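J.: Below you'll find the structure I mean.
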Amino acid sequence: MSVQRAARRRALLAAIRAEWTKVCTLRSTLAVLVATFVVSTGLALVSGLSVGRALDADNGRVRPDFNPVDSGFDIVWYTQLGLVAFGVLLITGEFSSGMIRMSLAAVPRHGLLYLAKAAVCVTVALPLAAATVVPAWLLDQVALGAHGASPGEPGVVRGMVLGTVYLTLIALLGFGVATAVRSTGCALGAIYVFLFALSPLTQAVPVLKDVARYLPDRAGIQALKVGADADPSLGPWGGILVVAGWTAAVLLIGRLSLRGREV
């Protein structure tokens, strides 16, 4: 039994190394990752400068319940767009080019290949998310000037940790959706329409508002909030658990789709 486990471990590590090599050689995914970092930190700086000037001018353009800690985490909503794209591109390129057949020839076990790709997704998304959330929050506070918060404020470290976890989970969710639909356009279209249209729409419908808090994007962003926008009934840890549940369900669907259809 131990020999079999060792053989499975070696096979998994070999599959992960192969998938890692693919990611490092794909210009499209590397471009998405660089753009995600640059755009997120840049927007955080611009947002902080704009809000700081509005507060200095006291022109009424900033909400009375403005919270600088929450402001620093608002950029996570935009960062998720890039990490969703990364999760999608991680596998859809192989479906469109037919490379998936070669991958399965090298790693015949569908589950092992799927697990290796998911592991690479986490390996890339987790450090990128941390390297984006932390400096973006700090840049936002520096740009806010006298209105900014310090890293020692309650909820800041927790928000940085949960923001990193949320972005990693949302990248995995994108990977699972992409595996199920096998198309870059369909996967990105479905997720972006959900984020930009369907999820906000539920906030405008009173009968759906209570249910909408359990949607993955709403629960994830709520997990970072500490000010007036925070949802005390769900809580930060409850929010991230909801996102983890959605991600696990979508990954399972992707796994069943990869096993159930010919490639």
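J.: Out of (1) under 13 Å from the mean Cα position of the chain (by Cα); (2) open to solvent by 30 Å² or more (accessible area, probe 1.4 Å); (3) not polar (S, T, N, Q), what's the single condition that is false for H147?
T.: All conditions pass for H147, except number (1).
J.: Do any residues in segment 59-77 that are closer than 25 Å to V39 by Cα have Cβ atoms under 6 Å from those of residues that are among the polar types (S, T, N, Q) and open to solvent by less than 70 Å² (accessible area, probe 1.4 Å), where the two are at least six apart or on different chains, and which pairs are they?
T.: Listed by first residue and then by second, the contacts come to G72/Q141; I75/S40.
J.: Among the residues in segment 67-90, are any over 13 Å from the mean Cα position of the chain (by Cα) and within 30 Å of S183 (Cβ to Cβ)?
T.: Yes, there is a match, as at least one residue in segment 67-90 is over 13 Å from the mean Cα position of the chain (by Cα) and within 30 Å of S183 (Cβ to Cβ).
J.: Right, next: If we only count helices (runs of 4 or more DSSP H) wholly inside segment 1-109, which ones have 1 or more residues that are loosely packed, with under 12 Cβ neighbours inside 10 Å?
T.: Answer list for segment 1-109: 2-25, 27-57, 76-97, 99-106.
J.: Hey, another quick one. Checking R61 against (1) more than 24 Å from A230 (Cα to Cα); (2) at pLDDT below 90; (3) over 21 Å from the mean Cα position of the chain (by Cα), which single condition isn't satisfied?
T.: (1)
J.: Sticking with this structure for a sec: In segment 48-73, how many are under 23 Å from A219 (Cα atoms) and out of contact with any Gly (no Cβ under 6 Å at 6 or more places or on another chain)?
T.: Total satisfying the criteria: 5.
J.: Give, as residue ranges, the helices (runs of 4 or more DSSP H) completely inside segment 157-263 that count at least 1 residues that are of a type in the set (F, W, Y) and surrounded by fewer than 16 Cβ atoms within 10 Å (Cβ to Cβ).
T.: So the answer is 184-193, 236-260.
The values are calculated or read from the model by the stated rules, or taken from the named source; none is laboratory data. Just so we're clear, the structure is a prediction, and the values are computed from it rather than from any experiment. Heads up, the Cβs are rebuilt from the backbone with ideal geometry, glycines too, and the neighbour counts pull from every protein chain shown. With ligands, DNA and RNA removed, areas are computed over all heavy atoms of the protein, side chains included. Shrake-Rupley method; radii C 1.70, N 1.55, O 1.52, S 1.80 Å.
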